[in-house]
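What follows is one structure encoded as structure tokens, with my remarks underneath.
The values are calculated or read from the model by the stated rules, or taken from the named source; none is laboratory data. Predicted, not measured: the structure shown is a model, and the values here were computed from it. Neighbour counts are summed over all protein chains in view; Cβ atoms, including those assigned to glycine, are modelled from backbone coordinates with ideal geometry.
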Amino acid sequence: MSEVHPARMEMGSGESAARAFCSTANLGAGFDVFGLALDRYADTVSVRFIQSRKIRITAKGPFASALPTTTDLNSAGPPAAALLRRARSQKGLTISIDKNVPPGLGLGSSGATAAACAKAVDSLLELGTPSNELLQIASLGEEAVSGTAHADNVGASLLGGFVIVYDKPVKATSLQPPSGLRVVVITPKVQVGDHKTRRARKLVPRIIETKKAVLNVGRAAAITAGFAQHDIPLIGSGMIDEIAEPYRREVIPGYYDVRRLALDEGGKGVAISGAGPSLVCLVDKKTGDPHRVAEAMMRGFQLNGIRSTSFVARPAPGARIVKRR
Ligand code: HSE
């Protein structure tokens with residue numbers, strides 16, 4: 001990654017704030033590759049310079065108390081530190097997080113914070129970091145939280161729409177989702193405990209058989225073609241996973257009923273949202289009613305004695321600067 005001349009770093013002054021939406025990752029066959037930004041919740045991160053060379057994190061908002069404020073453990077800390085290093089800055093930062101994305105549901109909560117923070121710090125330091133490099137830097141926040149720098153959620157929160165992250169070092173591209181796409185998100189009321197994503201990732205085998213990889217590559221290609229052609233049934237047809245979901249669904253009671261009832265009600269594809277426990281169902285508004293699909297999915301959990309909550313979201317735009325002074 002290229003470094004920036006130190007003269008640029010002191011140009012930035014004042015305060016920057018950025019807002020980034022939550023997201024669903026994987027969409028079935030796109031484990032660690034696909035992300036879709038959702039317009040339901042967003043985090044806002046404000047950053048200011050301080051004279052000491054430290055990073056201080058504070059949080060407010062409905063989910064502030066769930067956040068660690070230790071720099072290394074909060075997903076905002078590592079991207080901010082990496083950008084300060086990139087700028088060779090002698091200053092420190094205070095980072096204020098308005099935490100609205102609920103953590104632990106599979107909605108890319110840490111990714112939204114990391115994306116908003118990376119965008120805000122990049123603006124404060126006037127770095128103009130190229131998009132792929134900013135994504136790589138933002139994904140350091142995921143590494144702090146889950147043990148790996150997966151970039152699917154953070155990519156969706158940064159770029160918006162349907163995002164494909166690929167390659168090493170990471171690259172990303174995004175597609176505008178079809179206008180009739182609605183995403184039903186259903187969350188079972190189950191205890192997820194600490195380090196949920198880290199544990200859910202441990203369920204995924206390190207090695208997979210070629211025939212499973214072939215199935216996933218084909219389905220992921222169908223999902224991409226579906227987004228490119230604005231063909232929601234084609235997207236849904238690819239939402240079956242061989243890598244993570246076969247292991248993760250076993251710890252989501254009611255998964256099979258919820259999936260079946262969603263598809264019976266006209267949903268086009270169902271997947272575990274990121275590391276779970278939420279599930280998503282893609283609905284074409286022109287041919288189905290997302291609220292009825294949501295009710296059907298809640299019935300699926302009910303059949304298994306599990307209470308749940310749901311909402312219907314639309315695809316969201318990428319992170320944007322909301323304050324600069
Ligand atoms: N792709 C990641 C996973 C997303 O499924 O573990 C986690 O939010």
When you scan the range 283-297, do you find a residue that is part of a strand (DSSP E or B), of a type in the set (D, E, K, R) and touching a residue at least 60 places away in the same chain (Cβ under 8 Å), even just one? yes
Working carefully through the options Val258, Val214, find the one that is of a type in the set (Val, Ile, Thr), assigned to a helix (DSSP H, G or I) and free of Cβ contacts under 8 Å to residues at least 12 places away in the same chain. Val214
Just checking, does the range 99-121 include any residue being buried (at least 24 other Cβ atoms within 10 Å of the Cβ), away from the ligand (no atom under 16 Å from the Cβ), of a type in the set (A, V, I, L, M, F, W, C) and without any contact (Cβ under 8 Å) to a residue 40 or more places away in the chain? no
How about the range 17-63: which of its residues are within 16 Å of the ligand (Cβ to nearest atom), more than 17 Å from Ile223 (Cα to Cα) and charged (D, E, K, R)? Arg40, Asp43
Residue, farthest from the chain's Cα centre (by Cα), within the range 207-263, restricted to residues that are under 16 Å from Pro277 (Cα atoms) and of a type in the set (Lys, Arg): Arg259
Residues satisfying the stated conditions in the range 225-244, i.e. in contact (Cβ under 8 Å) with a residue 24 or more places away in the chain, surrounded by fewer than 24 Cβ atoms within 10 Å (Cβ to Cβ), part of a helix (DSSP H, G or I) and touching a Gly at 6+ places or on another chain (Cβ under 8 Å): Pro233, Ser237
For Ala66, only one of the following conditions fails: (1) farther than 24 Å from Gly161 by Cα; (2) of a type outside the set (Phe, Trp, Tyr); (3) within 16 Å of the ligand (Cβ to nearest atom); (4) modelled with pLDDT of 95 or more. What is its number? (4)
If I ask for residues that are in contact with a strand residue (DSSP E or B) (Cβ under 6 Å, 6 or more places away or on another chain), buried (at least 24 other Cβ atoms within 10 Å of the Cβ) and over 22 Å from Pro177 (Cβ atoms), which ones from the range 122-160 would you list? Leu124
Out of Ala87, Ala81, Ala64, report the one residue that is more than 14 Å from Val47 (Cβ to Cβ) and hydrophobic (A, V, I, L, M, F, W, C). Ala64
